[in-house]
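In what follows, a single structure is set out as structure tokens and then discussed.
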Amino acid sequence: MKKVLLALTIAAVLSMSATAAAALSPTAYRAKVNAICATGVAALNAIPKPKTAAAILPYFQKSVTMGDKLVLKIAAVTPPASLQPVAGHAIDLQVAFEKALHKLVTKLQTSKNPVATVNAAEPNLTKLNNKANAAWRKAGLNKCA
């Protein structure tokens, strides 16, 4: 788990430190990242919702794995200099959300009451998700929100 979080952080930093010359235009960057997000978010939304307490941990494990991969794909696209601050901020907030999901998965692995564990984590996850979604929209990456 720590390797994944480290990889997310490194990928975000590297994507922001790339030279502007290698970057796409703002329009091309938004189009490319929005396409990545449209596919990734659709795949995340297609994960069947858990119907039993026993299905909660596998659901979140799959969600966090897919979410990590999606953030890495997004971070691998170098934003143009004009979008680096807002795109970087959105990625940072999404990474914070992913970290919170990792913590939830860790807690679920030993939880005797997965429903209560998820309910306890939900307010913080919602807050982090809302912040990330607002940042994605501010960057013009609405498909990521």
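At 0.36 nm per residue, minus the direct Cα-Cα distance, what do L125 and T65 gain on full extension? Give it in nm, one decimal, please.
Contour length minus the Cα-Cα distance gives 20.0 nm.
The residues H102, H89, when put in order of fewest to most other Cβ atoms within 10 Å, stand as H89, H102. When every Cα-Cα distance of segment 15-136 is counted in 10 angstrom steps from zero, the calculated P(r) takes the values 13, 40, 29, 14, 5, 0 percent.
Within the straight-line cut-off of under 22 Å between alpha carbons, the lysines reachable from K62 are K2, K3, K49, K51, K73, K99, K103, K107, K112, K127, K143, sequence neighbours fewer than 8 places apart in one chain being disregarded. Each of K112, K103 has some number of other Cβ atoms within 10 Å of its Cβ, and from fewest to most they run K112, K103. The length gained on full extension between A96 and A35, counted as 0.36 nm times the residue separation minus their Cα-Cα distance, comes to 19.7 nm. Each residue, A53 and T106, gets one label point 7 Å from its Cα in the Cβ direction; the gap between the two is 2.4 nm. Among E122, E98, the order by Cβ neighbours within 10 angstrom, fewest to most, reads E122, E98. Relative to its Kirkwood radius, the Cα radius of gyration of segment 89-145 gives an Rg/Rh of 1.08.
Every read-out reported here was derived from the displayed coordinates using simple, explicitly stated rules and does not represent laboratory data. Computed from a predicted structure; not experimentally measured. Because the Cβ atoms are built from the backbone with ideal geometry, glycine has one as well, and the counts that use them run over all protein chains shown.
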